[in-house]
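Notes follow the structure.
The values are calculated or read from the model by the stated rules, or taken from the named source; none is laboratory data. What you are looking at is a predicted structure, and each value in this text was computed from that prediction instead of being measured. Backbone-built Cβ (ideal geometry, glycine too); neighbour counts: all protein chains shown. What goes into the accessible areas is simple: the full protein's heavy atoms, side chains included, and nothing from ligands, DNA or RNA. Shrake-Rupley method; radii C 1.70, N 1.55, O 1.52, S 1.80 Å.
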Amino acid sequence: MSEQAKKTLSVEQLLRPEPSRRLRRLPRLVARAMSLAWHAAPRELVTSGALQMAAGGGVAVQLLAGREVLQRVLESGEQGSFAAVLPVLALLAVVTALVTFANLGRIEQQRILSELVGRYSVNQVLEVATSVDLLAYERPDFHDRLQRAQLNAQMRPAQMATGVLGVISALSAIVGIGAALLFLQPVFLALVLAAYLPAWYATTRASKLVYRFSVEQTERDRRRAYLFRLLSGKEQAKEIRAFGLAGFLRERHDRLYDEKIADLRTMARRRLRLGLLGGLATSSLTAATIAVLVWFVTTERISLASAGAAVGAIVLLGQRLRGLSSSTGSLYESSLFLEDFTTFVEWVPELIAAQPTAEPPEGFSTLTVDDVAFTYPSREVPSLRGVSLQVRAGEIIALVGENGSGKTTLAKLLAGLYAPDRGTIRWDGVDTAGYDQDRLRASVAVIFQDFVQYYLTARENIAMGRHEHYDDMDRIVQAARQAGAHEYLESLDKGYETRLGPEFFGGSDLSVGQWQRVALARAFFRDAPFIILDEPTAALDPRAESELFDSIRTLCAGRAVLLISHRFSSVRSADRIYVLRDGEVAEHGTHSDLMVADGLYAELFKLQASAYVEAQA
């Protein structure tokens, strides 16, 4: 399979058109939800189901016991034998207590069940999010799918499992009450069941409206959340205030909220109309049922005791049918949202099957890039076009060029984060596309200009470079020394155990330059044969930058180093320099060769050097 085909599989299949939300898909989705619940919390699922059925069966016993109490009360009024009522009354009290206990136990079990199923489902979303081709993150439709899957994973599977149990509970009660009502007078059972068909239909239609509203709001919600992060984030706060942007951004944030609320009001009105029509139909049929009951009593077609029991049965059955209508409506609504989750996570087997499995070597003598091209999904113009270069172990290779020339994109391809659309990247003549990419990346240490600031301890920040050796404190300190970070990390309140960043209590924030040294320490701690440094000194002062570059050849001895930098003074000592322009290699060679050639490199070098000369003058 070609790399382009693999890329298509890893991105397009995940983002294939979503299936239509039809009622006939409900059984399959219910089965999927119950399977999730079974894998996440089998004991809680069985216990909750058993309690549901016990509570439902208990209601039927309550109804029949209540009829018997009423019958004996009427008889005791005629014959004066009230003692005959007491045993049945005691049975009714015991059954009522047991039903109450079963309902309380069911609620607590469902609380635990929801949490366990939510955790299990969220983990499946994380599995996709951390395994999918990085290129998917370049697409807005992926972010929409990811957000909906994330939101729905937390509650929808548990809601469906709980909804199924609610349906079971309602059905068990309905069966029991229905059997009692069938015994009393079959026609009442038919009338009550017919009365709740309109309510069920209205609930189903209303559920579709909620789902459609949610899908339509996804991108708007993401935009609003982004504006919220801008307005509330620490990193953005200084610029927001410096440029007086708070009111401007708040207006956009509020406008998006206003649009959502307007759409919400429209949806609410439509749901209310459906509910009103369904409620009127159900109420009319229920009134007709009561009228038939009154007629049966006045024409002596049913005894007074049976009529009283029938009234209780009709009321209880109506309550259970309303509960069933609500549960099935909630179940159907949840199934619509659950499909956002299932279509997202069901792609994992395809993802795993598409991955190459060959064991890569621990390093290489020569890395060869041959005629590589690459285009981002959101762009029509290629970011890289026919790029070829070589990196040998023990060499420092520099990439330079103006902004947008493709330097960082090429670094991502060399790090195994993207696959080229065309061309090959080979380690000692073997195409890396055939290797297990996770294991391949284990041999690469890469620090990008927009490196991550982990709000964890200083020790953990460095250990992220090779987390398997988290306990090796000597190596962590050594890496910090190599990056020039040891002294200020050791001086923190708790030394290397100090939490970095201002997000949590006890955190100690660092300057941008100090954070960059921590990121460099992470790269050194990884101890990989191939090191990629993207603007590694952008936040360092000139003295620190000079010291670091003077030591890189010593620190990285025997390793291949790819250095990306805008500062030409930093790259002049590289073994070879590749100059990128518009995604192509414009020229390459040593600093001396390129200055003699008097091409783009010489032009950019002189421009930068002249700025320093003029400043000194």
(request) Using a Förster distance of 56 angstrom, determine the FRET efficiency expected from the C-beta separation of Arg269 and Asp471, and round it to 0.05. (result) 0.35
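Would you work out the relative contact order for the range 474-600, in percent, from Cα pairs under 8 angstrom that are 6 or more residues apart?
Working: 125 pairs, mean separation 22.1, N = 127.
Taking the mean separation of contacting Cα pairs over the length of the range 474-600, I get 17 percent.
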(request) Quick one: which residues, 5 or more positions from Gly394 or on another chain, have an amide H under 5 Å from its amide H? H modelled 1.01 Å from N in the peptide plane, none for Pro or chain starts. (result) Gly558, Arg559, Ala560, Val561
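At 0.36 nm per residue, minus the direct Cα-Cα distance, what do Ser508 and Thr366 gain on full extension? Give it in nm, one decimal, please.
Values: separation 142, 0.36 × 142 = 51.12 nm, distance 4.24 nm.
Computed gain between Ser508 and Thr366 is 46.9 nm.
Counting only protein heavy atoms and using a 1.4 Å probe, what share of the accessible area of the range 405-549 belongs to carbon plus sulfur, as a whole percent? Kindly include the intermediate steps, with their values, before the conclusion.
Values: 3030 of 6430 Å².
Within the range 405-549, the accessible surface is 47 percent carbon and sulfur.
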(request) Two decimals is fine: what's Rg over Rh for the range 202-287, C-alpha atoms, Kirkwood radius as Rh? (result) 1.27
(request) Mind running the shape call on the range 526-617? Use the C-alpha gyration tensor, a ≥ b ≥ c as the square roots of the eigenvalues: rounded below 1.5 for a/c, prolate if a/b tops b/c, oblate otherwise. (result) oblate
(request) Please list the non-local residues whose amide H lies under 5 Å from the amide H of Ile532, H modeled 1.01 Å from N, same-chain partners needing a gap of 5 or more. (result) Ala445, Val446, Ile447, Leu562
(request) Provide the per-residue ³J(HN,Hα) series for the range 453-459, in order, calculated from phi with Karplus coefficients 6.51, -1.76, 1.60 and θ = phi - 60°, each as a whole number of Hz, with x at glycine and proline positions. (result) 9, 7, 7, 10, 6, 4, 4
(request) Taking amide H positions as placed in the peptide plane 1.01 Å from N, state which residues far from Thr457 in sequence (5 or more) or on other chains have amide H under 5 Å from it. (result) Leu500
(request) For the range 84-129, just say rounded, prolate or oblate: build the C-alpha gyration tensor, square-root its eigenvalues into a ≥ b ≥ c, call rounded for a/c under 1.5, and beyond that prolate if a/b exceeds b/c, oblate if not. (result) prolate
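At 0.36 nm per residue, and after removing the present C-alpha to C-alpha distance, how many nm does the segment from Lys494 to Arg222 gain when stretched out fully?
Working: separation 272, 0.36 × 272 = 97.92 nm, distance 3.83 nm.
Once the chain is fully extended between Lys494 and Arg222, it gains 94.1 nm.
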(request) Apply the Karplus parameterisation 6.51 cos²θ - 1.76 cosθ + 1.60, with θ equal to phi minus 60°, to every residue of the range 546-561 and state each ³J(HN,Hα) to the nearest whole Hz, in sequence, with x for glycine and proline. (result) 5, 4, 5, 5, 5, 9, 4, 4, 6, 5, 10, 4, x, 9, 8, 10
(message) Please compute the modelled spin-label separation between Ser35 and Leu245, points set 7 Å along Cα→Cβ, answer in nm with one decimal.
(response) 4.6 nm
(message) With θ taken as phi - 60° and the coefficients 6.51, -1.76 and 1.60, list the Karplus ³J(HN,Hα) couplings across the range 213-227 in order, rounded to whole Hz; mark glycine and proline as x.
(response) 4, 4, 5, 5, 8, 4, 5, 4, 5, 5, 5, 5, 5, 5, 5
(request) Name the residue farthest towards the positive end of the dipole of the range 349-425 from the options Pro361, Ser378, Val391, assuming +1 on Cβ of Lys and Arg, -1 on Cβ of Asp and Glu, about the Cα centre. (result) Ser378
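When a/c is below 1.5 the answer is rounded, else prolate if a/b is larger than b/c, else oblate, so apply that to the range 529-580 with a ≥ b ≥ c taken from the square roots of the Cα gyration tensor eigenvalues.
Working: a/c = 1.63, a/b = 1.16, b/c = 1.40.
Because a/c hits 1.5 or more and a/b fails to exceed b/c, the range 529-580 counts as oblate.
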(request) Grab the beta carbon distance between Ala538 and Thr130, set R0 = 25 Å, and tell me the FRET efficiency rounded to 0.05. (result) 0.35
(request) Multiply the residue gap between Ser610 and Asp258 by 0.36 nm, knock off their C-alpha separation, and tell me the result in nm, one decimal place. (result) 121.4 nm
